[in-house]
Each structure stands twice: as C-alpha cells, then as structure tokens.
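I have placed the structure first, in the form of structure tokens, so that the comments after it can refer back to it.
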Amino acid sequence: MVRDPNRLSIAVQKSGRLSDESIALLKRCGIRFAFSKDQLFCYGENLPIDLLLVRDDDIPQLLRDNVCDLGIVGQNVAQEYALSNALRNGSSAYTELRRLDFGYCRLAIAIPEALPFADLDDLNGRRIATTYPAITRRFLDENGLSAEIVSLSGSVEIAPSLGTADAIADIVSSGATLRANKLREVATVVQSSAVMLQSAKPMSAANREFLDRLLLRIDGALQVKESKYVMLHAPRNAVEAISRLIPGAETPSILPLAGHPDKVALHAVCTETVLWEHLESLKEAGASSILVLPVEKMLL
Ligand code: ATP
Ligand code: ZN
C-alpha cells in the first residue's frame with residue numbers, strides 16, 4: 001500500500017470490542033466511509049481520511065512503522081507495547097492524543113475462589129498467567145512482589161484449572177468470565193479505555209492542519225454525548241439561584257419573556273448528565289416550562 005501524504009490514515013480494530021465504537025466516533029465527526037468490514041482499507045468519501053482495519057494488537061507497531069498516522073486502541077494494548085518496547089530500546093512509538101469514552105475495562109489479578117487471600121503479599125512465589133507480561137511485571141515490581149509470570153497468548157482464564165498457573169492477570173469488564181471460571185478478582189493492575197494515538201513520525205503540514213480539525217470534532221463529539229440544551233422560565237429574582245442548579249452549565253443566556261416583565265427565559269448548555277432530580281430542584285427554586293433537548297453537534 002502506498003501512503004498518500006495528503007490523507008490521514010487511522011488504524012482501527014477490524015472486528016472486536018472496539019470496532020463499532022471507533023467507527024461510530026469517526027462517523028459522528030462527519031466522516032463518511034465507503035467500506036465493507038471484510039476489506040483491509042477503506043476511503044473517507046467526503047474528507048481526506050482513510051481507515052486501516054487491523055487486529056488491535058498490531059496497531060502500536062503500525063504506528064511505530066509509520067504505516068498509519070493515527071490509531072484507536074485500548075490503553076492496555078498500547079501500554080504493554082510501550083513497556084515491552086522500552087525494555088528493548090527506550091524509544092516511544094506513539095503519543096496519546098485523546099482518551100475516548102468507550103472500551104472501559106481493567107487489567108486485574110484473579111485467583112481461584114478456593115485460594116485464601118489476605119493481601120498482595122500472598123502473590124509472592126505464585127505463578128501468574130497473562131497476555132500482558134510487561135504491565136504485570138511493572139505492577140509486581142512497584143509492589144515489591146516476587147511472582148513468576150507465565151506469558152500466554154490467549155485463554156488465560158483457564159490456566160489455573162489446567163495447573164499452568166496459580167493466578168491470572170487478565171482484562172475484566174463485568175467480571176462474568178471470571179465468575180464462570182470460578183476465579184475472584186483480588187487486585188486491579190491498571191484501568192483502561194480506548195485511546196487515540198499518533199505516530200511519533202512528523203506528518204505533512206496539510207495533514208497536521210486536518211488533524212487539528214479532526215481533534216476539535218472529536219472533542220465536540222465526546223462532549224456532545226452527555227450534553228443537553230436546557231430551556232426554562234424563571235422569575236427574575238431567582239435567576240442566580242436557578243443558574244447554579246443547572247449541572248455543568250456555562251453562563252446561561254437570559255432572554256426577556258414577552259408579556260411577563262417579572263420573568264425571563266433562561267437557556268443553557270449543560271455538559272453533564274441532566275437527571276430528573278435536577279429538574280425537580282429547578283422547579284422547587286421557581287423554574288417552570290423546563291425543556292431538556294439533546295445536542296446534536298458542538299464545536300468548542
Ligand atoms: P483482535 O482480533 O483484534 O486481536 P481481541 O480479541 O484481542 O481482538 P477484543 O476482545 O475485541 O480483542 O478487545 C479489544 C479491546 O477491548 C481490549 O484490548 C480492551 O482494551 C477492550 N475491552 C473492553 N472490555 C473488554 C473485556 N471485557 N474483555 C476484553 N477486552 C475488553
Ligand atoms: Zn487483540
């Protein structure tokens with residue numbers, strides 16, 4: 001594949017837990033793609049952005065090799081790559097541009113339910129199976145623990161019942177897989193979410209400019225998910241108290257209300273979730289005709 005220096009290329013997971021949300025985020029940024037998921041590569045139709053659909057584990061190396069400009073991957077995968085890579089030559093493959101609001105999980109240590117556990121020292125002398133040996137090693141070192149790491153390429157959760165390890169360090173979100181394998185979580189090694197990474201190699205001025213625009217749109221798209229537009233009527237003398245009750249609102253706009261000199265209309269963008277409880281306290285403070293509307297796009 002020959003890279004077009006005037007188009008941004010973004011590596012995203014082809015098929016897995018991050019795929020749909022990665023593509024949905026880029027679509028919310030206004031990019032239309034012509035693609036089918038069985039392709040490796042797809043073109044942005046309306047903007048100079050192309051996608052590379054790959055295995056998530058390959059993304060840090062693709063960034064390092066400058067095969068793509070950007071990548072969306074779990075922090076867990078990125079950190080593992082950075083740590084094991086740093087062990088080899090100390091250079092970094094990427095910079096983290098944005099934390100995204102999906103792919104939440106944690107790397108956790110779990111042991112068989114029947115095994116007694118008082119504190120982390122109980123891991124001393126144990127064998128811990130993981131596909132994240134570098135992150136797990138750092139955790140053990142930071143906590144002064146001496147456990148053996150059994151590096152596996154998959155199916156970590158069955159290692160204790162196979163007798164190849166005493167404990168595991170694996171990715172957990174709900175904990176259902178652990179319970180199904182009669183394991184219990186005893187420590188969190190690291191929290192993770194999806195991140196947008198940038199290759200350390202310099203990009204063309206045109207791409208740099210386009211990346212800045214894309215980042216503004218990503219910030220807007222992340223912000224917009226929670227944001228609501230609130231409109232209400234308020235007695236003039238309660239405007240200050242009512243403004244304070246609107247969650248995450250910037251300075252509200254105050255508009256005259258025709259035929260009601262003692263009242264105003266108050267409009268505000270809320271950057272936090274608006275709950276029923278918020279509306280109830282607004283009403284108690286004197287607000288009426290309260291409307292909460294979704295925000296479709298936002299450029300900050
Ligand atoms: P690939 O075929 O691309 O290598 P995979 O099987 O390694 O896929 P997935 O299971 O799709 O990867 O997970 C991708 C990422 O999703 C993980 O690296 C992690 O950042 C995130 N994630 C969120 N929740 C979970 C979970 N419960 N289990 C595993 N990964 C999760
Ligand atoms: Zn993977």
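The values are calculated or read from the model by the stated rules, or taken from the named source; none is laboratory data. Note that the coordinates shown come from a computational prediction; the quantities given were computed from them, not determined experimentally. Methodologically, a virtual Cβ is constructed for each residue, glycine included, from the backbone with ideal geometry; neighbour enumeration extends over all protein chains shown.
Structure values in brief
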quantity	calculated
Members of the stretch 151-181 that are more than 16 Å from ligand 2 (Cβ to nearest atom) and part of a loop (DSSP other than H, G, I, E, B)	163, 164, 165, 166, 174, 175, 181
Matching residues, the stretch 41-67, being of a type in the set (D, E, K, R) and within 13 Å of ligand 1 (Cβ to nearest atom)	55, 56, 57, 58
Matching residues, the stretch 142-153, being without any contact (Cβ under 8 Å) to a residue 24 or more places away in the chain and either within 14 Å of residue 109 (Cβ to Cβ) or not assigned by TED's automatic domain parsing to the domain that holds residue 167 (or both)	142, 143, 148, 149, 150
Test result for residue 83, farther than 22 Å from residue 156 by Cβ, more than 12 Å from ligand 1 (Cβ to nearest atom) and more than 18 Å from the chain's Cα centre (by Cα)	no
Qualifying residues in the stretch 4-47 (those that are without any contact (Cβ under 8 Å) to a residue 60 or more places away in the chain and part of a strand (DSSP E or B)) - the one surrounded by the fewest Cβ atoms within 10 Å (Cβ to Cβ)	34
The stretch 256-289, subset farther than 17 Å from residue 237 by Cα and buried (at least 16 other Cβ atoms within 10 Å of the Cβ), residue nearest to the chain's Cα centre (by Cα)	271
So residue 138, is it at pLDDT 95 or above and either within 19 Å of the chain's Cα centre (by Cα) or of a type in the set (Lys, Arg) (or both)	yes
Residue ID - farthest from ligand 2 (Cβ to nearest atom), chosen from residues in the stretch 48-87 that are closer than 19 Å to residue 216 by Cα and not in a strand (DSSP E or B)	48
Identity of the residue in the stretch 68-79, within 15 Å of ligand 1 (Cβ to nearest atom) and among the aliphatic types (A, V, I, L, M), that ends up nearest to residue 3 (Cα to Cα)	72
From 115, 107, 97, residue being aliphatic (A, V, I, L, M), in contact with a helix residue (DSSP H, G or I) (Cβ under 6 Å, 6 or more places away or on another chain) and either in contact (Cβ under 8 Å) with a residue 24 or more places away in the chain or not assigned by TED's automatic domain parsing to the domain that holds residue 29 (or both)	107
Any hit, the stretch 112-132, residues being under 24 Å from the mean Cα position of the chain (by Cα), within 16 Å of ligand 2 (Cβ to nearest atom) and not in a strand (DSSP E or B)	yes
Any hit, the stretch 198-215, residues being touching a Gly at 6+ places or on another chain (Cβ under 9 Å), in contact (Cβ under 8 Å) with a residue 60 or more places away in the chain and surrounded by 13 or more Cβ atoms within 10 Å (Cβ to Cβ)	yes
Test: residue 32 is charged (D, E, K, R), touching a Gly at 6+ places or on another chain (Cβ under 8 Å) and either assigned by TED's automatic domain parsing to the domain that holds residue 94 or more than 13 Å from ligand 1 (Cβ to nearest atom) (or both)	yes
